[in-house]
Amino acid sequence: MKLNLNRPIAFIDLETTGVDVAKDRIVEIAILKVAPDGSSDMKLQRINPGMPIPKESSEIHGIYDDDVKDSPKFEDVADLLSKLLNDCDLGGYNSNKFDVPLLLEEFYRAEVELDMTDKKLVDVQNIFHKMEQRTLVAAYQFYCKKDLTNAHSADADIQATYEVLLSQLEKYGELENDIDFLHEFSKRSNFVDFAGRFVYNEEGKETFNFGKHKGKLVEKVIIQEDPSYYSWMMKGEFPAYTKMKLKEIKTRAQAVSN
């Protein structure tokens, strides 16, 4: 079986210094780019994160400071990665919540654009959790009847993720072999930003999804009710993509009011 694709899809997996999207850095990235004809190409790149890798993180993925001391920093490979991913939709395992947001943070820091406007996102974990409620190791065994013996190695994990998606499509007749469908089906929520700080309400308006203004319209809060909240967020430790979306909302609201 092969995916029904109109354009390539790149499955990504990151090994990192930790799990904080705003603060942590990539130490290894694997990209499995699958073309519409079914052919695929794997890229694996170690990254010097420019900071010590915590011991607890190294014990999970097996990558230590000495392993990446001579590797390029993200800004050194950002242009190449952007070109590789530019024409692709994106897929992964827990990628909507972690890999994609953290990767975007790295691109922002490197001042290299990765245009997300028309990209479809297929999160295999969300499909799996909706269907079976398991981990990647269990998913690989359940769907592919194989043991994932090298878990937490980026290339092994992302290869397993791709195989799991193909098996999911074969197993569940209600899943359409279509990236638009999988993009919608694998969403966790109707998030405005990848970190989930804002969500669309039933009217398609951006609302806060956290804190004292949860459920309120973002533009109403930052323009009328509590303008200082905008400055607090822009100065706070929120992901760059979240801040970008907040700025877009404010700019749009101000343009309408003028």
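Here, each number is a calculation from the coordinates, and none is a lab measurement. Please read these numbers as outputs of a predicted model, since none were measured by experiment. Please note: Cβ atoms are built from the backbone with ideal geometry, for glycine as well, and neighbour counts cover all protein chains shown.
General remarks:
- Converting phi to 3J(HN,Hα) with the Karplus coefficients 6.51, -1.76 and 1.60 and the offset θ = phi - 60°, the range 232-244 yields 4, 5, 5, 8, x, 8, 9, x, 4, 5, 4, 5, 4 Hz in sequence order, with x at every glycine or proline.
- Extreme residue, positive dipole direction of the chain, given options 117, 30, 190 (C-beta unit charges): 190
- Full-extension gain in nm, residue 190 to residue 117, via 0.36 nm per residue minus C-alpha separation: 24.7 nm
- Computed FRET value (nearest 0.05) for residue 145 with residue 232, which takes r as the C-beta separation and R₀ as 45 Å: 0.30
- As a proxy for reagent exposure, ranking 124, 164 by other Cβ atoms within 10 Å from fewest up yields 164, 124.
- Helix 154-171 vs. the chain, principal-axis angle (Cα, 0 to 90°, nearest 10): 90
- If you take all other residues with their beta carbon under 14 Å from the beta carbon of residue 254, and give Lys and Arg +1 and Asp and Glu -1, the sum is +2.
- By the beta-carbon count within 10 Å of each Cβ, the least crowded to most crowded order of 161, 17, fewest first, is 17, 161.
- Rounded to the nearest 20 debye, the dipole size of the chain about its Cα centre is 840 debye, using +1 on the Cβ of Lys and Arg and -1 on the Cβ of Asp and Glu.
- For the chain, built as a Gaussian network whose Cα springs stay under 10 Å, the top-fluctuating residue of 153, 40, 231: 231
- Most mobile listed residue (224, 141, 45) in the chain, GNM with C-alpha springs under 10 Å: 224
- Were the residues from residue 220 through residue 137 laid out at 0.36 nm apart, the gain over their Cα-Cα distance would be 25.4 nm.
- Dividing the summed helix terms, -39500 (n - 2.57) for each DSSP H run of n ≥ 4, by the number of residues in the chain produces a 222 nm estimate of -11500 deg cm²/dmol to the nearest 500.
- Coupling constants for the range 204-212 follow from the phi torsions by the Karplus curve (6.51 cos²θ - 1.76 cosθ + 1.60, θ = phi - 60°), and in residue order they are x, 9, 6, 10, 5, 10, 7, x, 5 Hz; glycine and proline get x.
- Helix 74-85 and the longest principal axis of the Cα set of the chain meet at an angle near 80°.
- Applied to the range 93-107, the Karplus parametrisation 6.51 cos²θ - 1.76 cosθ + 1.60 on θ = phi - 60° returns per-residue 3J(HN,Hα) values of 10, 6, 6, 5, 8, 10, 4, 5, x, 5, 4, 5, 4, 5, 5 Hz, with x for Gly and Pro.
- Shape call, the range 94-187: gyration tensor on alpha carbons, a/c limit 1.5: oblate
- Under-23-angstrom lysine pairs by C-alpha in the range 68-192, whenever the two are 8 or more apart or on separate chains: 20
- When the chain is treated as a GNM with alpha-carbon contacts under 10 Å, the residue of 111, 225, 202 showing the greatest mean-square fluctuation is 202.
- Summed side-chain charge close to residue 234 - residues other than residue 234 whose Cβ falls under 10 Å, Lys, Arg +1, Asp, Glu -1: +4
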